[in-house]
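J.: Would you mind keeping the following structure in view while I ask a few things?
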Amino acid sequence: MTTPADLVFRGGPVRMLGPSRATATAVAVRDGRIVAVGEDPDVRPLIGAATEVVDLVGRALLPGFQDAHVHPVLAGLTMIRCDLHDAGDAGEAVAAVRAYAEANPGTEWISGGGWSMEWFPGGTPSRHLLDAVVPDRPVHLINRDGHGAWVNTRALELCGIDAGTPDPVDGRIEREADGSPQGTLHEGASALVGRHVPEATADMMLRALQAGQRRLHSAGVTAWQDAMVDEKVQRAYLAAAESGLLTARVVGALWWDRERGEDQIPELLGRRCGAGRFRASSVKIMQDGVAENFTAAMTSSYLDGCGCGTGNQGLSFVDPSALRAYVTRLDAEGFQIHVHAVGDRAAREALDAFEAARAAGGVNDNRHHIAHLQVVHPDDVPRFAALGITANLQPLWAAHEPQMDELTIPFLGPERAGWQYPFGDLARAGASLAAGSDWPVSSPDPFLGIHVAVNRTPPGEGAEVFLPEQRLSLTAALAAYTIGTARVNHLDTRTGTIEEGKLADLVVADRDPFSIPAGEIAETSVLATYVEGRPVHTAPAF
């Protein structure tokens with residue numbers, strides 16, 4: 001006698017995204033695993049009296065999305081602090097700070113973030129805007145991209161930062177005409193104030209993780225790699241995993257302290273662990289900054305407003321020769337390495353380091369990856385496939401928008417601007433692709449990222465296509481957000497596609513993205529998200 005399924009989906013389409021790219025209309029789940037995939041008649045015998053039957057009514061069933069580079073605990077902290085992500089311009093941001101300060105009169109520091117550089121002239125907000133609404137308490141607000149902070153005068157005074165304070169080696173203090181701090185702190189300069197902000201408690205960290213997890217599940221994300229796991233974040237994950245609160249599958253990328261060297265490797269080895277659905281098995285190295293504040297590491301200098309070279313080629317946060325030694329050692333210890341590289345020099349330095357590790361230790365299954373890859377020199381594109389390095393893409397950024405058109409392209413120049421986000425070139429060269437959001441830098445919604453990857457335009461009509469030759473097919477973009485990231489996280493034998501024997505990590509979408517015009521992909525929404533056949537998110541419309 002056939003054992004009934006616990007859960008059956010029927011009335012597809014079911015987009016399996018497996019090697020055959022086959023489709024089906026029905027899926028049966030028992031004990032958290034997929035036990036049958038086929039047409040409706042194939043699963044009918046598995047429907048028993050206690051089986052939950054979900055009629056898709058033409059809505060699509062997809063593998064659960066997996067985010068290859070995200071910061072849900074940081075995002076959650078911002079959500080429960082002064083959150084500026086819903087602001088649309090400088091005025092709305094200042095109003096949000098005022099409202100938060102008034103609602104929290106006993107809060108010693110006003111902290112949070114989510115502001116965008118495009119809201120302010122030159123991308124640098126002034127301390128005086130904050131002074132007008134919070135003159136008496138320190139304010140420290142992280143930029144949406146995480147590479148700078150906006151502070152008020154009180155914060156600068158408390159931290160002893162004035163015209164005589166030198167720039168740190170890994171950052172820059174934006175200054176007024178007389179040399180006084182202007183209120184924007186780039187990269188490592190943010191820590192001059194940030195280290196004085198009171199630390200979040202363990203309870204706050206756990207609440208932040210839960211808030212971030214809820215948001216990701218609502219976007220259909222069932223697994224991710226957290227790209228910045230310090231000891232506090234790790235403790236939150238372990239507490240959630242051990243208590244059963246962690247419903248996603250998570251790989252934690254342990255943070256590499258760029259102010260230290262190989263002496264930290266024994267500590268990282270001591271923190272490598274696994275509990276429940278959480279594993280700390282990766283190490284994140286930030287090799288450079290971002291292009292908008294001219295700290296991304298480039299092979300040639302940035303241009304000024306007149307199109308002339310400035311002599312500034314950005315920052316390599318880790319010395320390239322030291323990077324090769326660190327990566328070789330971490331690789332030998334069995335760590336996966338996750339590198340932040342925005343500029344073409346940083347990407348090359350990371351590839352050189354992985355090449356050195358392979359020369360020293362041979363081929364292994366550590367599945368290293370490089371994230372962001374805004375500018376990649378054409379000579380380096382084939383090296384990803386040759387070295388077995390996954391290209392970790394954040395597709396939502398590959399479009400014409402104010403930050404791209406006003407703060408980036410003019411300072412890169414036409415040739416280098418044409419090397420940006422080379423998704424199509426990487427795919428044609430045989431590179432493995434994974435995809436992520438970098439939330440809270442940008443939206444965690446995979447359908448928005450897929451839309452831009454396929455169209456190279458932001459959602460809506462009328463935008464110019466950004467480097468159309470770099471578009472991905474819908475299948476390739478979906479695969480990057482599912483099986484591609486599953487592979488990076490060593491989950492590809494258990495998740496990432498809809499196949500018999502795999503875990504039932506699934507998403508119900510309100511439409512089939514393959515049956516609509518490409519320009520409407522961003523309108524697709526998630527109705528329900530399942531982990532091992534159990535709902536972790538259900539939209540009111542479902």
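J.: Please work out if G334 is outside the structural domain of H186 (by TED's automatic domain parsing), in a loop (DSSP other than H, G, I, E, B) and on the phi > 0 side of the Ramachandran plot.
T.: yes
Conditions tested, residue by residue: (1) without any contact (Cβ under 8 Å) to a residue 24 or more places away in the chain; (2) surrounded by fewer than 23 Cβ atoms within 10 Å (Cβ to Cβ); (3) under 18 Å from Q66 (Cα atoms).
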| position | (1), (2), (3) |
| --- | --- |
| G424 | no, yes, no |
| R428 | yes, yes, no |
| S437 | no, no, yes |
| P444 | no, no, yes |
| H451 | no, no, yes |
| A463 | no, yes, no |
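J.: Follow-up question, since we're still on this one. Test of understanding: among V43, V35, which residue is assigned to a strand (DSSP E or B), over 30 Å from H372 (Cβ atoms) and touching a residue at least 24 places away in the same chain (Cβ under 8 Å)?
T.: Only one candidate passes the filter, namely V35.
J.: Would you be able to say whether some residue in the range 97-104 is outside any helix (DSSP H, G or I), in contact with a Cys (Cβ under 8 Å, 6 or more places away or on another chain), of a type in the set (A, V, I, L, M) and modelled with pLDDT of 85 or more?
T.: Scanning the range 97-104, I find no residue that is outside any helix (DSSP H, G or I), in contact with a Cys (Cβ under 8 Å, 6 or more places away or on another chain), of a type in the set (A, V, I, L, M) and modelled with pLDDT of 85 or more, so the answer is no.
J.: State whether the residues of the range 368-375 include one that is part of a loop (DSSP other than H, G, I, E, B), within 28 Å of E267 (Cβ to Cβ) and in contact with a helix residue (DSSP H, G or I) (Cβ under 6 Å, 6 or more places away or on another chain).
T.: yes
Residue by residue, here is whether (1) under 30 Å from I498 (Cα atoms); (2) surrounded by 18 or more Cβ atoms within 10 Å (Cβ to Cβ) holds:
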{"position": "A50", "(1), (2)": "yes, no"}
{"position": "V73", "(1), (2)": "yes, yes"}
{"position": "G106", "(1), (2)": "no, no"}
{"position": "W115", "(1), (2)": "no, yes"}
{"position": "G122", "(1), (2)": "no, no"}
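J.: Same structure again: Show the residue pairs meeting these rules: Cβ distance below 9 Å; 6+ apart or different chains; first residue within the range 510-522 and farther than 15 Å from G11 by Cα; second residue basic (K, R) and not in a loop (DSSP other than H, G, I, E, B).
T.: P513/R15; F514/R15
J.: Another one. Here are some residues: T51, T78. Which one is closer than 17 Å to W150 by Cα and in contact with a strand residue (DSSP E or B) (Cβ under 9 Å, 6 or more places away or on another chain)?
T.: None of the others qualify; the one that does is T78.
J.: Related question: With over 16 Å from the mean Cα position of the chain (by Cα), free of Cβ contacts under 8 Å to residues at least 12 places away in the same chain and in a loop (DSSP other than H, G, I, E, B) as the only criterion, which of T493, T457, T497 stands out?
T.: T493
J.: For the structure I just gave you, tell me whether A28 is assigned to a loop (DSSP other than H, G, I, E, B) and at pLDDT 95 or above.
T.: Considered against the rule, which asks whether it is assigned to a loop (DSSP other than H, G, I, E, B) and at pLDDT 95 or above, A28 comes out as no.
J.: Another question about this same structure. For the range 337-367, what are the residues that are touching a residue at least 60 places away in the same chain (Cβ under 8 Å) and assigned to a helix (DSSP H, G or I)?
T.: Passing the criteria: D344, E349, A350.
J.: Evaluate the following for T107: is it polar (S, T, N, Q), part of a loop (DSSP other than H, G, I, E, B) and touching a Phe, Trp or Tyr at 6+ places or on another chain (Cβ under 9 Å)?
T.: Criteria met by T107.
J.: Anything in the range 147-170 that is modelled with pLDDT under 90 and within 14 Å of T124 (Cα to Cα)? List them, or say none.
T.: Once the filter is applied, which keeps residues that are modelled with pLDDT under 90 and within 14 Å of T124 (Cα to Cα), the range 147-170 yields H147, G148.
J.: Taking the range 1-55 only, how many residues are closer than 18 Å to T482 by Cβ and in contact with a Pro (Cβ under 6 Å, 6 or more places away or on another chain)?
T.: Final tally of qualifying residues: 2.
J.: Now, a different point. From the list D86, D136, exactly one residue is closer than 30 Å to I173 by Cβ, modelled with pLDDT of 90 or more and not in a strand (DSSP E or B). Which is it?
T.: D136
J.: I need a count of the residues in the range 428-448 that are within 20 Å of the chain's Cα centre (by Cα) and within 24 Å of G388 (Cα to Cα).
T.: 8
J.: Take the residues in the range 4-24 that are basic (K, R) and buried (at least 20 other Cβ atoms within 10 Å of the Cβ); name whichever of them is nearest to D492 (Cα to Cα).
T.: Across the range 4-24, the extreme among qualifying residues is R15.
J.: So is V8 in contact (Cβ under 8 Å) with a residue 40 or more places away in the chain, over 24 Å from R249 (Cβ atoms) and part of a strand (DSSP E or B) or not?
T.: For V8, the condition - in contact (Cβ under 8 Å) with a residue 40 or more places away in the chain, over 24 Å from R249 (Cβ atoms) and part of a strand (DSSP E or B) - is not met.
J.: Another one. Look through the range 143-161, keep the residues that are out of contact with any helix residue (DSSP H, G or I) (no Cβ under 7 Å at 6 or more places or on another chain) and within 20 Å of M404 (Cα to Cα), and return whichever of them is surrounded by the most Cβ atoms within 10 Å (Cβ to Cβ).
T.: Here the residue is R144.
J.: Any residue at all in the range 188-206 that is of a type in the set (K, R), modelled with pLDDT under 95, out of contact with any Pro (no Cβ under 6 Å at 6 or more places or on another chain) and not in a loop (DSSP other than H, G, I, E, B)?
T.: The answer is no; no qualifying residue exists.
J.: So, of the residues in the range 393-424 that are in a helix (DSSP H, G or I) and among the acidic types (D, E), which turns out to be modelled with the lowest pLDDT?
T.: E406
The values are calculated or read from the model by the stated rules, or taken from the named source; none is laboratory data. The structure presented is a predicted model; accordingly, all values stated were derived computationally and were not measured. Note that each Cβ is placed from the backbone with ideal geometry, even for glycine, and that neighbours are counted across all protein chains shown.
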